[in-house]
């Protein structure tokens, strides 16, 4: 082992995944997917300070060289913006205008990067693919639905970042017949993907609470409806970005039967229009993240790697 290799292996990256249901914090050594310690706490919807303080108390006892923050949104990730690092018009009203990034960067004097909780996993899919990917979209389905995109030039964020969970799509015939218009507080009746396919929406159709979704059988018709909406989201992402892979995760996608339903609806909706080599194998093109349920926190730690690399680049 060379001296350079030893130094690389002992570098520690902290990652914070700010999720709608919980915050996950982790330390990775050497590589973002080599997580050696982690902590999780609920996202407090009434008092953000409770959650943020718990994260800080855990991180205060850790050693790390860089920090990556992957946050639910909308969040301002444009560095020259006056509200950079703040949560914006999020449906979690108590979290609106909370400056999560500045709070952490003031406390921890290390290089740091913030991006969305869907851009970060998309970035990690590419960065840790050993050159097999140059672009990827990541979709998360749980309390809400989000979509992020990493291209050859980096993750997408300009005036804002992608809010692909709120693209408007064609309603499923069963929803039309039932008069169901979704659960999005901003786009109710306008058929956005989040309003029609997030956990609460699925539970409403199935007649259970979100916590009881695990009891709903795989053959329940609600999963085909979910596949219908997520397929249209994938279709829109493909038509706009032509990425090489779409990885889908989040708590709802622990239900593996949804993936084939997405692919089937996707193929039907695409109807052979766009043809490139990745679409020849839909099981590879649309599927779970290579990091499974750890995609979000691996993505956050990958942002830590980027933060350290960016800082070294500025020193040259």
- Residues that are crowded, with 22+ Cβ neighbours inside 10 Å, assigned by TED's automatic domain parsing to the domain that holds residue 198 and without any contact (Cβ under 8 Å) to a residue 60 or more places away in the chain: which helices (runs of 4 or more DSSP H) entirely in region 212-316 hold 1 or more of them? 222-241, 258-270
- Query: Looking at region 90-110, which of the residues that are within 18 Å of the chain's Cα centre (by Cα) and in contact (Cβ under 8 Å) with a residue 60 or more places away in the chain is surrounded by the most Cβ atoms within 10 Å (Cβ to Cβ)?
  - Reply: 100
- Message: Please verify whether residue 208 is more than 25 Å from residue 181 (Cβ to Cβ) and not in a helix (DSSP H, G or I), treating the condition exactly as stated.
- Response: no
- residue 185 being within 21 Å of the chain's Cα centre (by Cα), closer than 18 Å to residue 143 by Cα and surrounded by 14 or more Cβ atoms within 10 Å (Cβ to Cβ): no
- Message: Can you say whether residue 156 is within 15 Å of the chain's Cα centre (by Cα) and assigned by TED's automatic domain parsing to the domain that holds residue 199, as far as the supplied structure shows?
- Response: yes
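The values are calculated or read from the model by the stated rules, or taken from the named source; none is laboratory data. This is a predicted model, so every value here is computed, not measured. We place every Cβ from the backbone using ideal geometry, glycine too, and count neighbours over all the protein chains shown.
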